[in-house]
1. For the range 92-236, what number results from the quotient of the Cα radius of gyration and 2.2 N^0.38 Å?
2. Over the Cα atoms of the chain, what is the Rg over Rh ratio if Rh follows Kirkwood?
3. Cα to Cα, under 18 Å, and not fewer than 8 places away if on the same chain: which aspartates and glutamates meet these conditions relative to Lys21?
4. Please report, in whole Å, how far the alpha carbons of the range 159-256 spread along each principal axis, starting with the longest.
5. Nearest 10 degrees is fine. How inclined is helix 44-57 to the longest principal axis of the chain, computing both from alpha carbons?
6. List nothing, just return the count: lysine pairs in the range 127-261, 8 or more apart or interchain, with Cα separation under 18 Å.
7. I'd like the orientation of helix 162-175 relative to the chain: the angle between its Cα long axis and the longest Cα principal axis, in ° from 0 to 90, rounded to 10.
8. Starting from the Kirkwood Rh over alpha-carbon pairs, what translational D in µm² s⁻¹ does the range 189-244 have by Stokes-Einstein at 10 °C and 1.306 mPa s?
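Values quoted throughout were computed directly from the atomic coordinates according to the rules given, and no laboratory measurement underlies them. Small disclaimer: the values here were computed from a predicted structure and weren't measured.
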Amino acid sequence: MHYICDEASEWYPDIEDMRKKITAKTKAIVIINPNNPTGALYPKEVLQQIVDLAREHQLMIFSDEIYDRLVMDGLEHISIASLAPDLFCITLSGLSKSHMVAGFRVGWMILSGNKKLAKDYIDGLNMLANMRLCSNVPAQSIVQTALGGYQSVKNYLVPGGRLYEQREFVYKALNDIPGITAVKPKAAFYIFPKIDTKRFNITDDVQFALDFLREKHVLLINGRGFNWHEPDHFRVVYLPRVEVLTDAMGKLKDFLSTYRQG
Ligand SMILES: Cc1ncc(COP(=O)(O)O)c(C=O)c1O
């Protein structure tokens, strides 16, 4: 079951919706913090409410924190496991994003808290690791160096840095397009704008993405690809340089000036 993240509250998870979706069969809560596709960073109060909910129902917490080093505006990432030492938490991360080495395939999971609650699960993981997964030893040898010492990614995240400036640009460019509104992302490198479906008569977001791709040769991901429930969002990855983003946003503006679906 997918819970709603609330655009009106900085894209934080809607705790009441999460609560409603817990049933007798629910085993775990999954969060992605910082988030793909919204670029949200969850503050301590929100994380605490998720922990309280997990505690109340004795649920495991899975937290994908692969963007934890890609945080802007002087904000701080808080790992949910640090708030839940009495629960069983699995924190996932890797070097793909912070060190831009997705091809190295270096990632990890951290099991913490009350492991007694998850004996079967841990046995299963060990069996899988022993029988099926080959460890990526050459790439693993860079992990310690990569995680310690000088973090070059920090220069990307402050004014004048690539990711920061690209975010500023794309946020403004999107909000300048009539019919598009977007919440400013605080972390990662995604933005998840809203499109006024009435204005463009959009009922199918895949069709919208395909029409734009065919006409302007720019690929967006439709919001429903992220289990969003309406055809009124799409994701932009703002990793390309500002010149490329300028071209892409210009094309989107131009495309939407005449687009009507149907
Ligand atoms: C939320 C999230 N977790 C994990 C990954 C994993 O990336 P990789 O398989 O390259 O390590 C991604 C990549 O897009 C992601 O967005």
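1. 1.41
2. 0.99
3. Leaving aside aspartates and glutamates fewer than 8 places away in the same chain, those within reach of Lys21 are Asp6, Asp52, Glu56.
4. For the range 159-256, the Cα spread along each principal axis is 39, 25, 21 Å.
5. Computed tilt is about 50 degrees.
6. 13
7. On a 0 to 90 degree scale, this one is about 50.
8. 135
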